[in-house]
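Visitor: Take this structure, written in structure tokens, and hold onto it; I'll ask about it next.
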Amino acid sequence: MGVPPGPGQRLVGGCQTGRGLLPAPHKLLPPGEEEEEEEGEEGACRRAGPLLSRARMGVCSAAPHRCVWSRWDPLRWLRSFQRRTLARSSAPGALQQGKPPGVPAGAVSRPWGLRPGGRRGLRTAPPGSQEVMLTSERYGVRRLPFSPLSDSDLAFFEGLMPGRVITNPEELEPFNVDWLRSVRGCSKLMLKPQTTAEVSQVLRYCYERNLAVNPQGGNTGLVGGSIPVFDEIILSTVLMNRIISFDKVSGILVCQAGCVLEKLNEYLEEQGFIMPLDLGAKGSCHIGGNVATNAGGLRLLRYGSLRGTVLGLEVVLADGSALDCLASLRKDNTGYDLKQLFIGSEGTLGVITAVSILCPQKPKSVNLAFLGCQSFAKVLETFTTCRAMLGEILSAYEFMDEKCMELVEKHLKLSSPVAGSPFYVLIETSGSSSTHDEEKLNNFLERAMTSGLVTDGTVATDDKKIKTLWSLRERITEALTHDGYVYKYDISLPVGKLYDLVSDTRARLGRSAKNVVGYGHLGDGNLHLNITADSYSHSLLDAIEPFVYEWTARHNGSISAEHGLGFKKKQFIQYSKPSEAVLLMQRFKAMLDPKGILNPYKMLPSSS
Ligand SMILES: O=C(O)CC[C@@H](O)C(=O)O
Ligand SMILES: [Zn+2]
């Protein structure tokens, strides 16, 4: 299904390097330009769709095959894009079966570089083989007076869930260290319940015995919230992975907390639906953990936060009592909305065992534009323009700076089809009519290019290319871990100020940091400021904190947009919440967990 070349244009077919053929059209060359043949091995070129490039020549070094793109008139391309849209819309059965970002059904991604099944393991070379320092030593934490684990405790748990009681230190190791290799605990026991009743029995026992418990999902958190600080018992949701029900009429899914986000999405896609959230960690993270941290991710701009899409929860409280608020209703105004207390409570108030969640229809048409901007002001103006012109079909607006792209290329060997700009934006549309969506996207792109908001770019409309482009953004976190020790900041700010924090931090740290990068969910006003160094250093940390938090508070931002406070940020909550609010949170904690056994040392400051 080729696309007819526009007047004066020659269509250059797929990358014809032996057997590896990219579906035509691969690229469009203006008249008079010769395609440069590059030496390359067999294989498919991973470059995304047609390029919008202003007078530039570059080489896509996607291994193992290399291809070339050439000088190019964006408007000519746009016109050809419009013609294709029209041609497609008049063809029978022209609806494009687009896919949302992420992996095609059946494929297993390795987000965060994780192996499935909750075991950490890097897709690429490990970021560092050094031993991770114990959190208690690095941060000077004192153990609270919980009971130590006894042989009779082990005998009780073994009797309760035979074969699902892990005590082997080697087996426990990956669950005692976070994926970033920045915090480490020394738990001697991990339990793998399968049912809510088992979670209930475990907690009842722990509560009576005064044993501390660390709930853990896919262990993909970035603030040390799911790793024990001392010897807390790890309560894993890994075997609680059953889908309980899905109602195709309402789109409401009910499932256990340990279901992996990507698996849920695959299950829903088969029924014509998707999960309302999508994260880089989707291949490993558990829905219970997503809800416990109120994870945001890449689709929040379109489908809103979990505070809106989660309709009900089942939670086991610290004393073992189960709270069944697993409603599957869009509307329910009977009393306080208790589930909201547990969403984002990071396992400190109860253990989420099941979730009821509202899922949107799978969009029939998805397009992705990856564009280069010459300044952050242009990134902002591009956002306001696309929001106005794309309206309801806009489903993601992500940005990243050139440093991010450099690191993704350097450490992961991914190649970007668009280069040479200080900023990049990724704009996704999701809708129900490809003709309508492409027309809107065309109009927007034309405006963005003719007005100079965007100087370079590419557009993808098929699943594979969309996925390739998304990985440039989704794998930044992974690339950063290969750059050294990473200091992470997940900040909400008035969108106009978003990048000032990156520039100010860069200027402040000078050469003491290896790299200071900024990227994130611009459409949600969420910046991911990441700083890398060869290794962890107290003095660098002192130069960053509390500077970043003070800066954020001064600009009315939040020091945790979507990652939570976990262990690493809990002492800084006052930069975003007044002391009265923190006090009230501590009172809720004391009421629901009077002995403080649930995820101790996390989220709330040690003393107010
Ligand atoms: O690594 C980070 O700082 C951000 C991770 C994640 O929230 C993302 O948006 O990619
Ligand atoms: Zn994020």
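The values are calculated or read from the model by the stated rules, or taken from the named source; none is laboratory data. Every value quoted in this text rests on a predicted model; they were computed, and no experiment measured them. So basically every Cβ, Gly included, is an ideal-geometry build from the backbone, and we count neighbours across all protein chains shown.
Visitor: Could you tell me whether segment 475-496 includes any residue that is in contact with a strand residue (DSSP E or B) (Cβ under 6 Å, 6 or more places away or on another chain) and under 25 Å from SER365 (Cα atoms)?
Guide: Looking for residues that are in contact with a strand residue (DSSP E or B) (Cβ under 6 Å, 6 or more places away or on another chain) and under 25 Å from SER365 (Cα atoms), one finds none in segment 475-496, hence no.
Visitor: Another one. In segment 362-414, how many residues are touching a Leu at 6+ places or on another chain (Cβ under 7 Å), assigned to a helix (DSSP H, G or I) and among the basic types (Lys, Arg)?
Guide: 2
Visitor: Further question on the same structure: Might you let me know whether segment 304-320 holds any residue that is among the hydroxyl-bearing types (Ser, Thr, Tyr), within 16 Å of ligand 2 (Cβ to nearest atom), assigned by TED's automatic domain parsing to the domain that holds SER236 and without any contact (Cβ under 8 Å) to a residue 60 or more places away in the chain?
Guide: Within segment 304-320, one or more residues are among the hydroxyl-bearing types (Ser, Thr, Tyr), within 16 Å of ligand 2 (Cβ to nearest atom), assigned by TED's automatic domain parsing to the domain that holds SER236 and without any contact (Cβ under 8 Å) to a residue 60 or more places away in the chain.
Visitor: When segment 104-146 is examined, which residues are found to be surrounded by 13 or more Cβ atoms within 10 Å (Cβ to Cβ) and either at pLDDT 90 or above or acidic (Asp, Glu) (or both)?
Guide: VAL132, MET133, LEU134, THR135, SER136, ARG138, TYR139, VAL141, ARG143, LEU144, PHE146
Visitor: Report yes if some residue within segment 200-207 is assigned by TED's automatic domain parsing to the domain that holds ARG184, closer than 30 Å to ASN526 by Cβ and touching a Gly at 6+ places or on another chain (Cβ under 8 Å); otherwise report no.
Guide: no
Visitor: I'm trying to understand the selection: among the residues of segment 492-528, which are among the polar types (S, T, N, Q) and buried (at least 17 other Cβ atoms within 10 Å of the Cβ)?
Guide: If the condition is that a residue be among the polar types (S, T, N, Q) and buried (at least 17 other Cβ atoms within 10 Å of the Cβ), then SER492, THR505, ASN515, ASN526 are the ones that fit.
Visitor: Just name the residue that is nearest to the chain's Cα centre (by Cα) out of those in segment 286-300 that are within 11 Å of ligand 1 (Cβ to nearest atom) and either part of a loop (DSSP other than H, G, I, E, B) or more than 18 Å from CYS255 (Cα to Cα) (or both).
Guide: Taking the candidates together, the pick is GLY297.
Visitor: Name the one entry in GLU428, GLU438 that is part of a helix (DSSP H, G or I) and either away from ligand 1 (no atom under 14 Å from the Cβ) or of a type in the set (Asp, Glu) (or both).
Guide: GLU438 is the lone residue from the list that is part of a helix (DSSP H, G or I) and either away from ligand 1 (no atom under 14 Å from the Cβ) or of a type in the set (Asp, Glu) (or both).
Visitor: Could you tell me which of the residues SER576, SER558 is within 16 Å of ligand 1 (Cβ to nearest atom) and at pLDDT 95 or above?
Guide: Just a single option satisfies the conditions, and that option is SER558.
Visitor: Given the structure, is LEU338 of a type in the set (A, V, I, L, M, F, W, C) and within 16 Å of ligand 1 (Cβ to nearest atom)?
Guide: Considered against the rule, which asks whether it is of a type in the set (A, V, I, L, M, F, W, C) and within 16 Å of ligand 1 (Cβ to nearest atom), LEU338 comes out as no.
Visitor: Taking LYS488 as the residue in question, decide whether it is more than 16 Å from ligand 2 (Cβ to nearest atom), under 27 Å from ASP278 (Cα atoms) and either out of contact with any Ser or Thr (no Cβ under 8 Å at 6 or more places or on another chain) or touching a residue at least 60 places away in the same chain (Cβ under 8 Å) (or both).
Guide: The answer is no for LYS488.
Visitor: Let me ask you something else. Show the residue pairs meeting these rules: Cβ distance below 9 Å; 6+ apart or different chains; first residue within segment 546-571 and free of Cβ contacts under 8 Å to residues at least 24 places away in the same chain; second residue within 16 Å of ligand 2 (Cβ to nearest atom) and in a loop (DSSP other than H, G, I, E, B).
Guide: Hits for this filter: ALA553/ILE559.
Visitor: Please work out which residue is nearest to ligand 1 (Cβ to nearest atom), limiting yourself to segment 470-517 and to residues that are among the small types (Gly, Ala, Ser) and under 21 Å from SER560 (Cα atoms).
Guide: In this case the residue turns out to be SER492.
Visitor: Within segment 303-344, count every residue that is part of a helix (DSSP H, G or I) and modelled with pLDDT under 95.
Guide: 0
Visitor: Within 15 Å of ligand 1 (Cβ to nearest atom) and not in a helix (DSSP H, G or I): is that true of GLY520 in this structure?
Guide: Yes: the conditions hold for GLY520.
Visitor: Could you tell me whether ILE531 is aliphatic (A, V, I, L, M), buried (at least 20 other Cβ atoms within 10 Å of the Cβ) and farther than 27 Å from GLY280 by Cα?
Guide: Answer is no for this residue.
Visitor: Same structure, new question: Name every residue in segment 356-409 that is out of contact with any Lys or Arg (no Cβ under 8 Å at 6 or more places or on another chain) and among the acidic types (Asp, Glu), in order of residue number.
Guide: GLU381, GLU392, ASP401, GLU402, GLU406, GLU409
Visitor: While we're here: Filter segment 263-280 down to the residues that are in a loop (DSSP other than H, G, I, E, B) and in contact with a strand residue (DSSP E or B) (Cβ under 8 Å, 6 or more places away or on another chain), then identify the one that is nearest to ASP247 (Cα to Cα).
Guide: Applying the filter and picking the extreme gives GLN271.
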